[in-house]
Structures are given as C-alpha cells and as structure tokens.
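Computed from the coordinates by the stated procedures, all read-outs in this text should not be read as laboratory data. None of these values were measured; they are calculated from a predicted model. When we count neighbours, we look across all protein chains shown, and the Cβ atoms used for this are built from the backbone with ideal geometry, even at glycine.
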Amino acid sequence: MIVNFARHNQSIQNYSMKYIYLLAFLAISSIAISQDSPFQRIYPLENKSLENGALAVASDGFFLMNLTTDENDDTNLVHLTKHSAKGNVEWVREYKFEDISVIAPEMDLTVINGDEAVLTFTGVNESTGNIERRAVVKLTRFGLIEWQTGPAAANGSEAQVGFAEVIPSFDESIIYAGNNNDTSDDITSHYLAEIDTSGQVSWGKLYTPSDTFDTEYHSVINGIDTSKVDKSYFITGRLEVNGNSVYVSNVDEFGDVNWSRSYNVSTAEFETWENRVMDISVGKDSTIAIVGALINPEGNNWRNYILKTDFEGELLWSRTFGFTDPGILFNSGVIIDSLGNTAVSGRYANTTQLENFDYLVNFDNQSNLVWSNSFPRIQSIVLDVNTVRFYQGGDLEPIESGYMLSGVSINTMSQDLIPFAIKADIQGNAMCEEMITPTLDTLEFSKDTLIVQVRDYLFIDSSKVEI
C-alpha cells in the first residue's frame, strides 16, 4: 500500500502570499526582546483553525506542529512552523497523506542533531472502516522530507488511534511509542520500537502486563522519557485493573524490561475515580515524576496529582492540587527542572466564569509549593473533556533558562483555534503572567511489583514517500 506525502509552498515567500501570519505579542511589543527573554505569542492563520499541537525545542529556536484543513479538498494537513528563539516564524511547511483525508488528532514531534525535526501522526481512512496508517517522518533542518516510514504490526494486530510519541534514542536513532489492540484476545498493550537513521526499524517490543497467574491486563502508554544517568527509558500509562492504577516500567536501550511497578490510589475518597495518566519526567537527580488527573464517576470533579518515585520506583511522595473555583483542570506535562524541582503544566477551564488559562506550578523535592503562575491573556481552550490529550494541544519542554509550553487558544469572534507558545524563566515568569494559588491535599498510593510479558513486535513499512 503506497502512502504519498504532498509538500505545499516550500518557500516562506510563496506561503505568505496565500496565508497571512498575524504574529502578535501579548505583552508590549515595543520592548526589545533578547534571545532569552520570556514571551507569550500567538500565531493566527487567516480564516483557518490550527488544532491540536505539539512543541519541540531546537538548538536555535523551536518547532510548532498543528492540524489544519486544505481549503481545496477538505483533507487534513499537518502544519509545521520553525521559529527563532525570539518566537519569529522562519519557515512554514504542510504535509499530508495523498489518499487519506482524515488525520487523527494525536501527533508528536521531536528534534535530533540539534535542529532536525521528526514527526509522527496517523491517517484514518473513514471510507474503509477507519483503517489506520501511521507515519514517522524525518525532516531536514529546512523541513524537507529526508525519509518516512509507516510502522505497522506484521503479526495481524492493529495499531490504535491514540497516544503516539517520538523521542531521540541514545545513538541518534528514534524511539517510537504507541498502543496496540490484539484482535486475537482483545487485549490492548503498548509497544516501543527503535527506528534507525535511515528509517529502518531496528527492534520492536510489545508489552503486556499480567499478574502472577498470567492474567493479562489492558494497558495504554501515556508518557516516555529517557534516563539521565544510564541508557534506559521510563514509560508510564494507565493499567486497566480497577480504573485508577498507574504503571511505570524501566526498559533498557534494546527495549527489554529492567523492572515494572504498579501504583494504586489508596486514599478512600479517590478509590473509584478514573485515573488519566498524562506524562512522565526523569530528573538528573534520578527521581521520577508522573502527573495525571483523577475524575469522579460523574465526570464533574477533577483533581490533579503528582507522583514522585526514586530511580527504582520506590514511592517518595504524592499529592493532589486544584483550584477553589469550579471548573475542569488537568495536568498536561511535567519536567524535573535544572534546580531539581518539579514543574507541572496544565489547563484550567472555569465553568462559571467562562475563563480558560494555562498554568505552571512548581514543587520542591519535599512536595512543598515553590511558585504557581497562570497565563490568562491567552484564552486556551478545552473543547471536549473526553479527549483530553487532543485539546490540551501542546507540550512542556525544558530550555536552558527555564521552560517552554504550547497550546491552542481561541478567537472569541471567529471561533478559530490559534496555536500559542509561552517561554518562561525558571521562576515561571513570562511577561503578563499572574500568580494563582492552588489548593493542596495529600494523596496515598500503594505500590506493587508488576509482571510484564515482553514479545518481539515485528514492524513492516506500510507506506512510502514521493516528493
């Protein structure tokens, strides 16, 4: 099966003739901005929405990735922009499947070799029963396609629309993560694969958690990060045992499991609440942070949580936090920063005042609140609480001087969705931020050793690229 990509408007000059970028500061635009100065910026595209989103930091700036629609045939496009360290747009590219009109909202990108982007996204053919085609695309520093591969199981199982992530490996290759639904036993598992510098799959591993009686559990992956002290990876996600379990697995550079743990909420108030795991970070201090949201059975009460462990998965501390006004909130990203503190990003929607904003909250290594800031001038948006990852619309990334986060805001007049980027210093300051005080509470987890069945997961190339 051949999948083609079409590349539109390769020069920024040609592109700007069709679409006008309205680059807007959300602070005083006359102030001179240095390379390291914080900012909040939005990037509207005239008469079009740019949905979803992902951010990756490069050596000389950053990339923003969004989903939009081709006005000529209503097919979905992946929209990628390269920005300078000050936030200015340097070039724009768009990519699409030739014979698939719908691109799933879950997408990701990373950077290798300092300034070369690697994208992943999924095309869905609705006319043939939602058959999926996944793509991992390696670009040159100018956004031209260098190679593309289509990871697909060769054992008869099916990839899932949902989480997909790419991160650099330890040898300039790419680690690709996702979920799998085995139709033979109806078990959802998660997988990792290493893709080498030429786009070939070096290895693939399928992970299926089970108990001591070999009863297999459904599992999904929601986050992956690299160790800062050895050549291993940490993955986390939801373990569907009782609805609120979290798993963490440490795997070596070849995908084999070193250890795996499960964590169950033991605080009585939250034992029946759904657990949506969102992200994981591994610090230079060898601690691990996992963030997510607990949702009550009625779906109208949300509590964020942070879970900290040591390098072997032993519990250090955990707690919940929220805001006093009624609303929906969820953690979207976590970083153990250069100071050893835990920075958490997220989105809050006030259901009574129709106020939406992104936030950054920072805790020290003893779980004490250090600072917390919100960014209300950007009207970030939560459209559907049932698809949290889609509408969070972005990433939290570390930079030398602090943090970068991205998301999607809304034009209240046109209702168009607009990507934004925030660059904050190590104290969470980003010009026009506002302090916000979260309510903190304790949260207890119980830990168990988890057995994970590891199988070789064969991949085939299901797609090719024509430029």
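Quick notes on this structure:
- Using only alpha-carbon positions in the range 47-86, the gyration tensor eigenvalues give semi-axes of 24, 9, 8 Å once each is multiplied by 5 and square-rooted (largest first).
- Between ASP211 and LEU315, the distance separating the two model label sites (each 7 Å from Cα on the Cα→Cβ line) works out to 2.0 nm.
- Residues LEU458 and ASN47, FRET efficiency given R0 of 60 Å [Cβ-Cβ distance, rounded to 0.05]: 0.85
- In order through the range 270-279: 3J(HN,Hα) via Karplus (6.51 cos²θ - 1.76 cosθ + 1.60), integer Hz, x for Gly, Pro: 10, 5, 9, 7, 6, 10, 9, 6, 10, 6
- Per-residue 3J(HN,Hα) values for the range 189-195, derived from phi via the Karplus relation 6.51 cos²θ - 1.76 cosθ + 1.60 with θ = phi - 60°, read 10, 10, 9, 10, 9, 9, 10 Hz in sequence order (x marks Gly and Pro).
- A simple spin-label model places pseudo-atoms 7 Å from Cα toward Cβ; at ASN258 and GLN366 they are separated by 2.9 nm.
- Two-site FRET efficiency, GLN415 against ASP73, from Cβ-Cβ distance with R₀ of 35 Å, rounded to 0.05: 0.95
- In loop segments of the range 205-256 as defined by DSSP, the trypsin sites (Lys or Arg not before Pro) with at most 14 further C-beta atoms inside 10 Å of their C-beta are LYS228, LYS231.
- Placing dummy labels 7 Å off each Cα toward the beta-carbon, the span from SER232 to ASP171 is 1.9 nm.
- Ranking ASN52, ILE42, THR81 by how far each Cα lies toward the positive end of the dipole of the range 33-103 (charges on Cβ) leaves ILE42 at the top.
- Reachable lysines, given that their alpha-carbon falls under 26 Å from the alpha-carbon of LYS86 and they are not under 8 places away in the same chain: LYS18, LYS48, LYS138, LYS423
- Working note: Cα gyration tensor of the range 220-300, eigenvalues times five, square-rooted, sorted largest first, giving semi-axes of 26, 12, 10 Å.
- Long-range HN-HN contacts of SER202 with modeled amide H, under 5 Å: GLU194, ILE195, ASP196
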